[in-house]
Every structure is written in structure tokens, then in C-alpha cells.
Amino acid sequence: MTMTKSMGDESSLEATTAADGLTAAACLFHGFSDPARIAILQHLALGEHRVVDLRGHLGLAQSTVSQHLACLRDCGLVTSRPQGRATFYSLADAEALTDLWAAAERLLDLTGHRVVLCADHGAEALARKGWS
């Protein structure tokens with residue numbers, strides 16, 4: 001990913017590649033934009049779970065858990081393993097996600113959690129979307 005690469009004097013092909021990397025990064029972070037998906041990922045950090053397990057632990061509807069798991073699997077963040085009639089879900093790369101959570105917590109600490117006050121993406125915006 002080219003999020004940290006300078007956009008200085010690049011050729012048009014390099015600029016396109018950099019833009020593609022930025023798009024991929026935006027898509028990745030958008031995948032984390034739903035609190036339910038974050039809760040699922042954090043719970044899967046404890047080990048693999050079935051939909052019914054996650055539903056019980058997180059208090060979410062089965063359809064909600066299934067939809068979010070499908071999204072996370074399509075994004076390559078979660079893997080699934082069928083076993084009999086059940087499917088077990090786990091993190092595709094637990095170490096990378098642990099690193100990401102640590103970086104996010106550090107950034108939140110450094111900014112004093114000011115993002116919660118953001119008019120577009122803060123707590124009130126989440127509440128308007130029904131994500132409290």
C-alpha cells in the first residue's frame with residue numbers, strides 16, 4: 001500500500017498506482033467504519049467462532065452478524081472453515097489486526113479522542129445512523 005509514499009515527481013503510471021493504493025486504503029478503513037464489524041473483529045481476536053457464538057456474545061441479530069462476516073470475508077480480513085453443518089470464522093491475520101488496534105489506540109490517545117466530536121464521523125453522526 002502506498003499510503004506513506006510521497007506524491008512528488010512521479011510518472012502518471014506511478015501516480016495511478018499511488019491513487020489505487022489510496023483507494024485501497026480508503027476501502028480498508030471504510031470496512032472498519034461500522035462498530036459492529038469492529039466488535040466482531042475484536043471478538044474473533046479471542047479465537048474462532050460460529051455466527052451463533054458471535055450473536056450471543058455481541059447481542060446482534062444473526063442476519064447482522066452474517067452480513068458483517070460476509071463483508072469482512074470479502075475484504076480478506078476473516079476466513080471461514082466449514083465443520084459439519086457449522087462454519088467457524090477466524091481472523092485472516094490476527095497479528096496485523098492487533099498491530100492496527102494498537103496504532104488506532106495510540107492515535108486516539110494522541111488526539112484526545114477528538115474524532116468523537118467530528119460532525120461527519122463522530123458519536124452524533126453514528127447515533128443518527130443508528131450505531132450507538
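Each value in this text was obtained by applying a stated rule to the coordinates, not by laboratory testing. Being a predicted model, the structure only gives us computed values, none of them experimental. Here the Cβ positions follow ideal geometry from the backbone for every residue, glycine too, while neighbour counts run over all protein chains shown.
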| request: Any chance you could give the angle, 0 to 90 degrees and rounded to 10, that helix 94-110 forms with the longest Cα principal axis of the chain? | output: 60
| message | Can you compute the helix-only [θ] at 222 nm over the chain? Use -39500 (n - 2.57) per DSSP H run of at least 4 residues, normalise by all residues, nearest 500 deg cm²/dmol. | response | -17500 deg cm²/dmol
| In degrees, nearest ten, helix 62-74 long axis to first principal axis of the chain (Cα) | 40
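Which of rounded, prolate or oblate describes the chain when judged by the alpha-carbon gyration tensor and an a/c cut-off of 1.5?
Since a/c reaches 1.5 but b/c is at least a/b, the shape of the chain is classed as oblate.
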| task | Using only Cα atoms, find the angle between the long axis of helix 35-44 and the longest principal axis of the chain, and express it within 0 to 90 degrees, rounded to the nearest 10. | result | 70
| request: Answer with one residue from THR98, HIS121, GLN62: the one whose Cα lies farthest towards the positive end of the charge dipole of segment 33-132, charges on Cβ with Lys, Arg +1 and Asp, Glu -1. | output: GLN62
| query | Amide H to amide H, which residues 5 or more places from THR87 or on other chains are under 5 Å from it, using H placed in the peptide plane? | reply | VAL51
| said: Order these by the 10 Å Cβ neighbour count, fewest first: LEU110, LEU58, LEU91. | reply: LEU110, LEU58, LEU91
| request: Report the label-to-label distance for VAL116 and ARG50 in nanometres (one decimal), using points 7 Å from each Cα along the Cα→Cβ vector. | output: 3.7
| Can you list the HN-Hα couplings for segment 48-57, worked out from phi with the Karplus curve (6.51, -1.76, 1.60; θ = phi - 60°), rounded to whole Hz and with x for Gly and Pro? | 6, 9, 8, 4, 4, 5, 5, 4, x, 5
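Please report GLU105, GLU124 as a ranked list, fewest other C-beta atoms within 10 angstrom at the top and most at the bottom. Write down the numbers at each step before the final one.
Values: GLU105 10, GLU124 13.
Ranked by crowding around the Cβ, least crowded first: GLU105, GLU124.
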